[in-house]
Amino acid sequence: MFSRLGRIFSACWRPVARQYARMSKDDDDLPGCADDALLWCRDLEKHSYGEFSFAVVQANEVIEDHSQVETGNGAVFVGVYDGHGGPEASRFICDHLFLHLMRLARENGMISEDILKGAFSATEDGFLSLVRRAYGIKPLIAAIGSCCLVGVIWGGTLYIANLGDSRAVMGCLGRSSKIVAEQLTRDHSASMEEVRQELRSLHPDDSHIVVMKNGVWRIKGIIQVSRSIGDAYLKRPEFSLDPSFPRFHVPDPIRRPVLTAEPSMYSRTLQPKDKFLIFASDGLWEHMTNQEAVEIVYNNPRPGIARRLLRKALNEAARKREMRYGDLKKVEKGIRRFFHDDITVVVIFIDHGFAGKRISVPELSVRGFIDTDGPSNFSILQGIDPNARSTI
């Protein structure tokens, strides 16, 4: 049966593999994107502060990771959206969050932590409105959600907002010219003791706010992440699901939101020691440490570096199952989820020699796993003073 399905799978994906093959140049030790039919990549592109590398691999029957890089003069935007329960929330974020950010930046004449928070809030409100409209026909849409990791560099300042367990890591040059990993985001996961303590303090009357289930800490025994876009059934009582959906049924009605869409924020002026950023969904970090990741980036050529990180994770996933990556590549989507998650990796290189210079780069919108790109809306920032400060 698996052999027959494998032949069907191979036939269906062959045209896509050819399509992706033209997007990369093979290194001697790093086969191209087409080496794995479920892998997509853009090996190296330009942005105003340097270059970026982008790679995604699919594991689910329908890919739940959506992602984007938006480039413009003097600015770059990165979004990694790791969906769960389905692709609808992550796709919605990809379609709307950046546009909300640009609208708010135009209205306020700047980008700031508050503006970025506002874009997250508008995206959450928009998706919950969609859930409200569709709930009567498709109640399970209330159980669809997504982690959301966003990074913006503008005017020499880095802004990061995060919900969930995707992660941003900076590669910094330390003493003796050694590269050092600095984690810039906090994992909002019940696997973290500090998150469990936070949840218990917020819900002192709920002894089941975090429950160990099958060896994994879960909120209400259901979900690991404590912050997300969507997951309406854990935020609004009107979206509670009945026992006919046992996987998402909460026996006692929630009195207050169990999850939140309030992002944790981080910002700083970029320093000469800051060499590159890695933005990735948790599928990467479950197979390597922050330090391992930054050393791979620092010690290898830039072209294809996101793909190299992804391949390292896939090799480790295969090793854990006592198999070779060559055999893992033959496993079809859906079944492949038992070996690894959908994984998104974006590496943003920071070339400080570009600072203050008018480097002309295309205004480009690149979406992960989609072989298309188009113009970005970053042009609306032209004429806005990057040194302006928020008044809200």
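The values are calculated or read from the model by the stated rules, or taken from the named source; none is laboratory data. The structure displayed is predicted, hence computed values, not measured ones. All Cβ positions, glycine included, derive from the backbone under ideal geometry; neighbour counts span all protein chains shown. Just so you know, the surface numbers come from the protein's heavy atoms only, side chains and all, with ligands and any DNA or RNA stripped out. Shrake-Rupley method; radii C 1.70, N 1.55, O 1.52, S 1.80 Å.
Please go through the stretch 216-235 and give me each residue that is over 18 Å from the mean Cα position of the chain (by Cα), among the β-branched types (V, I, T) and open to solvent by less than 20 Å² (accessible area, probe 1.4 Å), ordered by number. Spell out how you get there, then give the answer.
Within the stretch 216-235, the subset over 18 Å from the mean Cα position of the chain (by Cα) is 216-222, 232-235.
From the residues that got through so far, the ones that are among the β-branched types (V, I, T) too are 216, 219, 222.
Hit for the stretch 216-235 is I219, nothing else.
Name every residue in the stretch 131-153 that is out of contact with any helix residue (DSSP H, G or I) (no Cβ under 7 Å at 6 or more places or on another chain) and surrounded by fewer than 17 Cβ atoms within 10 Å (Cβ to Cβ), in order of residue number.
R132, R133, G136, I137, K138, L140
What is the one condition in (1) open to solvent by 10 Å² or more (accessible area, probe 1.4 Å); (2) touching a Cys at 6+ places or on another chain (Cβ under 6 Å) that G156 does not satisfy?
That leaves (2) as the condition not met.
Those residues that are open to solvent by 30 Å² or more (accessible area, probe 1.4 Å) and closer than 21 Å to T123 by Cα, I need them from the stretch 166-185; list them, please.
R167
Checking the conditions here, which among F239, F276 is closer than 20 Å to H352 by Cα and either among the aromatic types (F, W, Y) or at pLDDT below 95 (or both)? It would help to see each step written out before you state the result.
Details: F239 fails: closer than 20 Å to H352 by Cα.
It is F276.
Of these, G109, G126, G118, which one is open to solvent by 20 Å² or more (accessible area, probe 1.4 Å) and at pLDDT below 95? If you could, list the steps in order and put the result at the bottom.
Numbers: G126 fails: at pLDDT below 95; G118 fails: at pLDDT below 95.
Going through G109, G126, G118 in turn, the sole match is G109.
Just wondering, is there one or more residues in the stretch 315-329 that are open to solvent by less than 10 Å² (accessible area, probe 1.4 Å) and assigned to a loop (DSSP other than H, G, I, E, B)?
In the first step, residues of the stretch 315-329 are kept if they are open to solvent by less than 10 Å² (accessible area, probe 1.4 Å); the result is 317-318, 328.
Pick out the ones that are also assigned to a loop (DSSP other than H, G, I, E, B) and you get none.
No, there is no match, as no residue in the stretch 315-329 is open to solvent by less than 10 Å² (accessible area, probe 1.4 Å) and assigned to a loop (DSSP other than H, G, I, E, B).
When you look at A142, is it assigned to a strand (DSSP E or B), under 23 Å from the mean Cα position of the chain (by Cα), within 19 Å of D82 (Cβ to Cβ) and not hydroxyl-bearing (S, T, Y), yes or no? Walk me through it before giving the result.
Numbers: assigned to a strand (DSSP E or B): no; under 23 Å from the mean Cα position of the chain (by Cα): yes; within 19 Å of D82 (Cβ to Cβ): yes; not hydroxyl-bearing (S, T, Y): yes.
No; evaluated as a whole, the condition is false for this residue.
Identify, please: which residue in the stretch 264-279 is open to solvent by 10 Å² or more (accessible area, probe 1.4 Å) and not polar (S, T, N, Q) and is, among those, farthest from V195 (Cα to Cα)? Before the answer, list the steps.
The first filter runs over the stretch 264-279 and keeps only residues open to solvent by 10 Å² or more (accessible area, probe 1.4 Å), leaving 264-273, 275.
Within this subset, residues satisfying the condition of being not polar (S, T, N, Q) are 265-266, 268, 270, 272-273, 275.
On the way: M265: 16, Y266: 18, R268: 24, L270: 29, P272: 33, K273: 31, K275: 30 Å.
My answer is P272.
In the stretch 54-69, what count of residues is obtained for those that are touching a Pro at 6+ places or on another chain (Cβ under 7 Å) and either open to solvent by less than 10 Å² (accessible area, probe 1.4 Å) or of a type in the set (A, V, I, L, M, F, W, C) (or both)?
Qualifying residue count for the region: 2.
If a residue must be within 16 Å of the chain's Cα centre (by Cα) and open to solvent by less than 20 Å² (accessible area, probe 1.4 Å), how many such residues does the stretch 88-106 contain?
Start the filter on the stretch 88-106 by keeping residues that are within 16 Å of the chain's Cα centre (by Cα), which leaves 88-98.
Right, trim to open to solvent by less than 20 Å² (accessible area, probe 1.4 Å) and you get 89-90, 93-94, 97-98.
Summing the residues that are within 16 Å of the chain's Cα centre (by Cα) and open to solvent by less than 20 Å² (accessible area, probe 1.4 Å) in the stretch 88-106 gives 6.
Tell me, which residue of the stretch 241-259 that is part of a loop (DSSP other than H, G, I, E, B) and basic (K, R) is farthest from the chain's Cα centre (by Cα)?
Let us first name the residues in the stretch 241-259 that are part of a loop (DSSP other than H, G, I, E, B), namely 241-245, 249-259.
With the extra rule that they be basic (K, R), the set shrinks to 255-256.
Working: R255: 30, R256: 27 Å.
The extreme case among them is R255.
What pairs come up if the first residue lies in the stretch 312-331 and is in contact (Cβ under 8 Å) with a residue 60 or more places away in the chain, the second is surrounded by 18 or more Cβ atoms within 10 Å (Cβ to Cβ), and their beta carbons are under 7 Å apart, counting only those six or more places apart or on different chains?
L314/V57; L314/L328; L314/H340; K329/D36
In the stretch 330-351, what residues are hydrophobic (A, V, I, L, M, F, W, C) and either crowded, with 21+ Cβ neighbours inside 10 Å or outside any helix (DSSP H, G or I) (or both)? Please lay out each step first, then the result.
Pass one, the stretch 330-351, residues hydrophobic (A, V, I, L, M, F, W, C): 331, 335, 338-339, 343, 345-350.
Within the stretch 330-351, V331, F339, I343, V345, V346, V347, I348, F349, I350 meet the criteria.
Only one of these is in a helix (DSSP H, G or I), charged (D, E, K, R), in contact with a Gly (Cβ under 8 Å, 6 or more places away or on another chain) and touching a residue at least 24 places away in the same chain (Cβ under 8 Å): R106, R91. Name it. Outline the logic, then answer.
Numbers: R106 fails: in contact with a Gly (Cβ under 8 Å, 6 or more places away or on another chain).
One residue alone meets the criteria, R91.
Run S360 past the list (1) in a helix (DSSP H, G or I); (2) at pLDDT below 95 and report the number of the one that doesn't hold.
Of (1) in a helix (DSSP H, G or I); (2) at pLDDT below 95, only one is false for S360: (1).
Scan the stretch 28-43 and give yes if some residue there is out of contact with any strand residue (DSSP E or B) (no Cβ under 9 Å at 6 or more places or on another chain), in a strand (DSSP E or B) and either open to solvent by 10 Å² or more (accessible area, probe 1.4 Å) or at pLDDT 70 or above (or both), otherwise no.
Narrowing the stretch 28-43 to residues out of contact with any strand residue (DSSP E or B) (no Cβ under 9 Å at 6 or more places or on another chain): 28-31, 34-35, 37.
Next, from what is left, pick out any that are in a strand (DSSP E or B): 30.
Next, from what is left, pick out any that are either open to solvent by 10 Å² or more (accessible area, probe 1.4 Å) or at pLDDT 70 or above (or both): 30.
Within the stretch 28-43, one or more residues are out of contact with any strand residue (DSSP E or B) (no Cβ under 9 Å at 6 or more places or on another chain), in a strand (DSSP E or B) and either open to solvent by 10 Å² or more (accessible area, probe 1.4 Å) or at pLDDT 70 or above (or both).
Pick from E198, E194, E262, E238: which is more than 30 Å from E51 (Cα to Cα), within 18 Å of the chain's Cα centre (by Cα) and not in a strand (DSSP E or B)?
Numbers: E198 fails: within 18 Å of the chain's Cα centre (by Cα); E194 fails: within 18 Å of the chain's Cα centre (by Cα); E238 fails: within 18 Å of the chain's Cα centre (by Cα).
Of E198, E194, E262, E238, the one residue that is more than 30 Å from E51 (Cα to Cα), within 18 Å of the chain's Cα centre (by Cα) and not in a strand (DSSP E or B) is E262.
If only one of L101, L149, L116 is among the hydrophobic types (A, V, I, L, M, F, W, C) and within 17 Å of D231 (Cα to Cα), which one is it?
Among L101, L149, L116, only L149 is among the hydrophobic types (A, V, I, L, M, F, W, C) and within 17 Å of D231 (Cα to Cα).
Restricting to the stretch 74-86, what's the tally of residues that are out of contact with any Ser or Thr (no Cβ under 6 Å at 6 or more places or on another chain) and open to solvent by 20 Å² or more (accessible area, probe 1.4 Å)?
Counting residues in the stretch 74-86 that are out of contact with any Ser or Thr (no Cβ under 6 Å at 6 or more places or on another chain) and open to solvent by 20 Å² or more (accessible area, probe 1.4 Å) gives 2.
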